[in-house]
Every structure is written in structure tokens, then in C-alpha cells.
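The values are calculated or read from the model by the stated rules, or taken from the named source; none is laboratory data. Remember, it's a predicted structure, so these values are computed and weren't measured experimentally. Backbone-built Cβ (ideal geometry, glycine too); neighbour counts: all protein chains shown. Just the protein is used for accessible areas: all its heavy atoms, side chains included, with ligands, DNA and RNA removed. Shrake-Rupley method; radii C 1.70, N 1.55, O 1.52, S 1.80 Å.
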Amino acid sequence: EAQEEEKRRQRESQREKEEREKKEREAQEEEKRRQKRSEEEKQREKEERERKQKEEQEAEKRRQREAQEEEKRKQREAQEEEKRRQRESQREKEEREKKEREAQEEEKRRQKRSEEEKQREKEERERKQKEEQEAEKRRQREAQEEEKRKQREAQEEEKRRQRESQREKEERERKQKEEQEVEKRRQREAQEEEKRKQKEAQEEEKRRQREAQREKEEREKKEREAQEEEKRRQKRSEEEKQRKQREKEERERKQKEEQEAEKRRQREAQE
């Protein structure tokens, strides 16, 4: 135990010695770092003074350059302002010429649109007439297929629809012919009025366009009403067919029930 205690004291003494040496080395290293930081700080301060001096010199040169550039800029701006005024004058001239060309082109486009609108209306009328004829043929075929059970009623209904369709067709053709005649008359009057006074001709043209628009809307309204009437007629026809079909099914159901009741009575009589 005495030997172990001695060894322990020696180790402790050695550890304390190493600790002191370590602290001394750290103190020396800290002193070196402090001296190094001090030298670096002095060097940075020197460099900072040199940098500020250099920046002041550069700032002075920059102020001189900026003054020169400002003078040149003012001269350029004066020249550019003169050029801008010239360009603005040229642009206004070109703008006036452009507006005059656009006004002429707009007048041409207006006339072209008017012609195209007339052509579209004509094609629309022809298309609707063709569709009505095709629809009429389709209704005839459907009526023949759906109403074989009561040929007489189907034929009477078909004749009535044909007369109604023919009447509507004749009415549309009559209105179309009247519209064409009215259109021709308006054109002749507009041409004659144009020769007399241009301004009044323009006002007459506007009024004619409004009248044409109103007539177009009236035609469209009548066509929509005719279509709605046709839809209502088809709906009534469909409801009638459904009602007849339900009556037929009801009769078949009753007949079947009577047959089943008869079979039951026979089985009961046999039993």
C-alpha cells in the first residue's frame, strides 16, 4: 500500500507538472496570438488608411468625369430633344395619314361586311328551307313507321302537317320575296338620294340598316316560334303515342290476367 501510495503521488506530481507545462505553453501561444493580432490590426489600419486615401482620389476623379459626362449628356439630350421634336412632327403627320387610310379602309370593310351579311342571310334562309324540307321528309317517314296501326288517322295527320308546312313555306317565300322587293326599292331610293345629297344618303343608309336588322330579328323570332310550335306538335304526338302504347299494354295486361284467371278456374274445376 505504501508503494502504491508512492506511485499514486508520483503520478499526481507528474500530472500536475504536465498541467503546468501545458498552461505555460498555452500562455506562450496566447501571447504569440495576441502579438500577431496586434500586428495584423496595425496592418489593417494602415491598409484602411491607404484604401480611404485611394478612394478619395478615385472619388475626385469620378466627380470630374461625372461633371464632364453631365455636360456631354446635356448636349446629347438637347440634340435628342431636337430629333424627338422632329420625329414627333413626322409621327403626327404619319398618324394623320394613317387615320385617313384607316377611315377609307374602314368604309371598304363596312361595305364588304354589309354585302357579306346579305349573303349570309340569303344562305341562312336557303339552309333553313332545306332543313325544313328534310325535317318534313323525316317526319313523314316516322309517321308512316309509327302509325301503321291506324293508317287513316296517320294519313289525315300527315296531310294536315303537309298543308301546314306548305302554308309556312309559302308564307316564308312570300315574305322573302317581299323583303327582296323592299331591299331593291330601298337600294334604288338610296342611289337616287345619294346623287342628290351625300349626307342624307348616309343617314338613309343607317336607317335602312336598322330596318333590315329589325326585319331580320322579326324573321328569326317567327322562325323560332315556328320551331317551338313544331316541337310542341312533336311532343303532343309523342305523348299521344305513349298514351296509346300504355292503353295497348293495359289491354294486353288485362287479357293476360283474364287468361291466367281462366286457367286457374279450369285447374280448380279439374281438382
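In this structure, E106 does satisfy being open to solvent by 70 Å² or more (accessible area, probe 1.4 Å) and either within 27 Å of E211 (Cβ to Cβ) or basic (K, R) (or both).
Quick check on this structure: which one of E4, E21 is in a helix (DSSP H, G or I) and either surrounded by fewer than 10 Cβ atoms within 10 Å (Cβ to Cβ) or modelled with pLDDT under 95 (or both)? Give the derivation first.
Values: E21 fails: either surrounded by fewer than 10 Cβ atoms within 10 Å (Cβ to Cβ) or modelled with pLDDT under 95 (or both).
Testing whether each residue is in a helix (DSSP H, G or I) and either surrounded by fewer than 10 Cβ atoms within 10 Å (Cβ to Cβ) or modelled with pLDDT under 95 (or both) leaves just E4.
Of the residues contained in the stretch 142-154, one or more are found to be closer than 30 Å to R219 by Cβ, out of contact with any strand residue (DSSP E or B) (no Cβ under 6 Å at 6 or more places or on another chain) and in contact (Cβ under 8 Å) with a residue 12 or more places away in the chain.
Taken as a whole, the condition of being open to solvent by less than 80 Å² (accessible area, probe 1.4 Å) and either touching a residue at least 40 places away in the same chain (Cβ under 8 Å) or of a type in the set (D, E, K, R) (or both) applies to E200.
For E145, the criteria (1) open to solvent by 100 Å² or more (accessible area, probe 1.4 Å); (2) closer than 23 Å to A226 by Cβ hold in every case but one, which is (2). Return yes or no: is K54 in a helix (DSSP H, G or I) and either touching a residue at least 60 places away in the same chain (Cβ under 8 Å) or closer than 30 Å to R167 by Cβ (or both)? No.
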